[in-house]
């Protein structure tokens with residue numbers, strides 16, 4: 001009897017030891033499973049937009065721009081040297097590109113009430129710097145003087161029928177970009193034609209608005 005009791009007691013001690021060991025393992029496992037590490041940053045990381053701005057300034061003295069009404073044909077030399085209200089349309093492009101470049105396009109848009117054919121209208125764009133005036137070549141034909149009908153079609157979004165006059169990318173970091181332009185139109189000297197003793201283009205007119213589109217993404 002005593003031997004059996006001793007055996008039972010030893011078995012009980014072994015079971016208790018196993019249970020205690022298992023409990024230790026469980027506690028260690030639980031402690032490991034819930035362990036997490038987190039450290040909050042102390043330095044600020046900030047993004048700021050660049051200083052991008054763009055202004056299309058139609059000069060007050062330019063009034064309503066350029067319109068050809070009851071004019072007569074003239075040579076390119078005469079057309080390029082036109083002055084005065086209704087013959088010259090002057091405007092400025094003003095921009096700041098701190099943070100990103102700006103791409104812009106100047107384009108002409110014929111007005112719906114124009115009755116004169118595009119094929120006889122000459123166009124001419126220049127830049128002005130003080131007393132100096134410099135001709136601009138259009139990006140499509142690479143010419144200074146163009147027939148309106150031969151100008152390249154503008155790809156400005158949501159616009160149809162525009163004709164491209166000038167394109168430029170103002171590089172990043174330009175704080176005070178200013179460029180002055182002058183636009184002229186005239187009837188081609190070769191615009192001849194008589195019917196019943198009357199010049200066939202008599203009483204016709206052609207009007208175009210000069211528009212500018214700017215974006216930080218090239219079209």
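Quick note: the coordinates plus some simple rules give every number you see, no bench work behind them. Just so it is clear, the structure is predicted and the values come from calculations on it, not from any experiment. Methodologically, a virtual Cβ is constructed for each residue, glycine included, from the backbone with ideal geometry; neighbour enumeration extends over all protein chains shown.
Here are a few things to note about the model shown:
- Segment residue 205-residue 94, extension gain: residue separation times 0.36 nm, minus the distance between their alpha carbons: 36.8 nm
- Each peptide in 96-109, 127-140, 149-162 receives the mean, over its residues, of other Cβ atoms within 10 Å, and ordering these scores from highest gives 96-109, 149-162, 127-140.
- With 5 Å bins from 0: P(r) over segment 61-219, alpha-carbon pairs, percent: 2, 8, 17, 21, 20, 14, 9, 5, 3, 1, 1, 0, 0
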